[in-house]
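Please treat every number below as a calculation from the coordinates, not as lab data. Just so we're clear, the structure is a prediction, and the values are computed from it rather than from any experiment. Ideal geometry is used to build each Cβ from the backbone, glycine not excepted, and the neighbour counts take in all protein chains shown.
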Amino acid sequence: MFLFFKKYYPIILSFFLLILFGFFIGDGLIEKRYLTSSLLQSKADSMDQLSLEHLRIDIPPHINLTNFYKTYGQRMLGNDQINIISREEWGADNRYSDIQFIEDFCQKNYCYEDRYNPEDTFSEKEYWRSLELSINYKKNFESYDNFFLQSLKKENDFVYYYLPVEGIVIHHTAGKFTTNFQESKEELQKIHLMTAVQRKWRDIGYHYLIDGAGRIYEGNLGGKYSIGTHAYGHNKGTVSISLMGDFRPGHNKLTEPMEKALINLVEYIIKEYQLDISKREFYLRKPDLSGREMTQSLIKGHMELDIREEPTECPGVDPEYLRNIIYSSLNTSALY
Ligand SMILES: [Zn+2]
């Protein structure tokens, strides 16, 4: 026994030292993290003076944490410049977030077996890539996200989660293109039923939707900074806008009122979230979540963030086209 120790004692000793060191460092970090977290919330006003450097959490420079802690969960229903049609106005049925309602509905009507899992649509090769993506995510963003994650319970005990917003993702619904208000409301109710009840997500996945006549609709009930369900791997820290219709070549065409509404909505989001876009360079999550990268735009099309070999064609139109019309029209001077 003694010989064993004599032979291996440097290894055993370094092993114990490592454990001791781990406890010490780990505890220190947890304590600092906890302290800073409560500081962030209680002293949101003095955020500017607070240094987070010791935590080694990379905060993209264009996000505004003070605004995040003060306003997450608030519903964004427009102002004098922009009209956003509320869920009440388009007839959202809040029973759709009720688990009992979903169960009863699904006994009599068609529903998906389980809560819809995007991984089910992956090929085997893509499945392994998606696993890699989740490892990337854990390595690069988990501590960041856990640090800022907040939650709020709303209708029917449905808990919404919140994170600072880094970017905007544009989609299309790949559904019906409508210009008539009544038809748009019916289409919204259908999307709500399909996602919240039949897919069992308990709410509509998008934050905003825009119809063919340029009407803007409130999406999920989570409100400001809520994490939606719209882009696998990129739901955290993004706001989603969905153009109602199918905008792939040969299908529906974007209308001028829709484009105008999209520009107005992006401007409203930038203002409301107090995103600093003055530098026009954004430190965003890479599409494969392997870290962050500087990009020229905080606006992405869903297809640019899809890891599948044949990425989704969403939002149908070229995201570059959307970025061009948005950036050439954004009244940046009016934002500050
Ligand atoms: Zn999409």
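Observations
- Measuring between alpha carbons in the structure, the pairs from Lys70/Lys224; Lys138/Lys224; Lys224/Lys279 lying more than 19 angstrom apart are Lys138/Lys224; Lys224/Lys279.
- Separation of alpha-carbon centers, the stretch 130-149 and the stretch 176-199, rounded to whole Å: 33 Å
- Partner aspartates and glutamates whose Cα lies under 19 Å from the Cα of Lys176, excluding those fewer than 8 positions away in the same chain, are identified as Glu186, Glu187, Asp211, Glu218, Asp246, Glu256, Glu259, Glu313.
- Bridgeable aspartates and glutamates around Lys108 (alpha carbons under 17 Å apart, same-chain partners fewer than 8 residues away excluded): Asp98.
- Using the average count of surrounding beta-carbon atoms within 10 Å as a protection proxy, the listed peptides 321-330, 308-317 rank, highest first, as 308-317, 321-330.
- For the stretch 65-335, the convex hull spanned by the alpha carbon atoms encloses 134 Å³ per residue.
- The ellipsoid that matches the Cα gyration tensor of the stretch 105-228 has semi-axes, each √(5λ) in whole angstrom, of 27, 20, 17, with the longest given first.
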